[in-house]
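**Student:** The structure under discussion is supplied below as structure tokens; questions concerning it will follow.
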Ligand code: NAD
């Protein structure tokens, strides 16, 4: 197996057009990309509203919409573990072999660099608007979040009633106020 593989780990809450552009960019450099769905155990929280399974569907369909060859990517949910020093081993255990790590996250970079991996900083595309937190903020504010994500992500969001879920999660009980 002499394929060059890169890995990109993100929470994908939800996948947005920035992730998609960076995935396409990485696919220009490697044979295959591993997309790690980070913090897989989390869902139904304001910062992490969608389940790992829902995120797998959103990522799969967004890449299909871009006509990206399904033979060139793996989507693998990855739970957090409480031990940063052994997290890279955990990631390695869960994924096909890879040699390049793409991340802008300082902790992720630090941990993989210490293990001797090549770590690359992917270019950021319109980070001001293209971020998961901005998508979630717009969902709650009733603003245009749809323009930040793929059409297929809008459809999945409707199926799972994602915006309604997020709004319900943001409601405080009277006793909490
Ligand atoms: P994220 O979703 O914020 O970003 C993922 C990647 O997507 C970024 O590195 C960036 O390269 C890219 N990206 C995002 N917006 C972009 C844009 N507009 N243009 C181009 N690229 C863009 O995810 P993250 O927080 O970096 O994810 C790291 C995951 O790893 C988290 O789930 C975290 O919990 C996990 N982690 C766990 C441990 C542990 O369990 N001990 C340790 C380290 C990291």
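**Student:** Would you point out which residue out of 8, 111 is crowded, with 18+ Cβ neighbours inside 10 Å, more than 17 Å from the chain's Cα centre (by Cα) and within 13 Å of the ligand (Cβ to nearest atom)?
**Tutor:** 111
Yes/no matrix, rows are residues, columns are (1) more than 22 Å from residue 149 (Cβ to Cβ); (2) touching a strand residue (DSSP E or B) at 6+ places or on another chain (Cβ under 7 Å); (3) surrounded by fewer than 16 Cβ atoms within 10 Å (Cβ to Cβ):
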| residue | (1), (2), (3) |
| --- | --- |
| 61 | no, no, no |
| 81 | yes, no, yes |
| 115 | yes, no, yes |
| 125 | no, no, yes |
| 130 | no, no, no |
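**Student:** Another question about this same structure. What pairs come up if the first residue lies in segment 97-125 and is without any contact (Cβ under 8 Å) to a residue 40 or more places away in the chain and more than 16 Å from residue 10 (Cα to Cα), the second is near the ligand (Cβ under 9 Å from one of its atoms) and part of a helix (DSSP H, G or I), and their beta carbons are under 6 Å apart, counting only those six or more places apart or on different chains?
**Tutor:** 115/88
**Student:** So, one more: Test residue 158 against the stated conditions and say whether it is assigned to a helix (DSSP H, G or I) and without any contact (Cβ under 8 Å) to a residue 24 or more places away in the chain.
**Tutor:** When the stated conditions are applied, residue 158 passes them.
**Student:** Show the residue pairs that are 6+ apart or on different chains and have beta-carbon atoms under 6 Å apart, the first residue being within segment 30-44 and farther than 14 Å from residue 15 by Cα and in contact (Cβ under 8 Å) with a residue 12 or more places away in the chain, the second being in a loop (DSSP other than H, G, I, E, B) and more than 10 Å from the ligand (Cβ to nearest atom).
**Tutor:** 30/4; 31/3; 31/4; 32/3; 34/95; 34/98
**Student:** Can you confirm whether residue 27 is more than 9 Å from the ligand (Cβ to nearest atom) and closer than 30 Å to residue 167 by Cα?
**Tutor:** Considered against the rule, which asks whether it is more than 9 Å from the ligand (Cβ to nearest atom) and closer than 30 Å to residue 167 by Cα, residue 27 comes out as no.
**Student:** Tell me, which residue of segment 83-99 that is over 17 Å from the mean Cα position of the chain (by Cα) and away from the ligand (no atom under 12 Å from the Cβ) is surrounded by the most Cβ atoms within 10 Å (Cβ to Cβ)?
**Tutor:** So, considering only residues that are over 17 Å from the mean Cα position of the chain (by Cα) and away from the ligand (no atom under 12 Å from the Cβ), the one surrounded by the most Cβ atoms within 10 Å (Cβ to Cβ) is 98.
Just so you know, all these numbers are worked out from the coordinates, no wet-lab data involved. The model shown is predicted, which means the values in this text are computed figures rather than measured ones. Quick reminder, even Gly has a Cβ in these numbers, built from the backbone with ideal geometry, and neighbours come from all protein chains shown.
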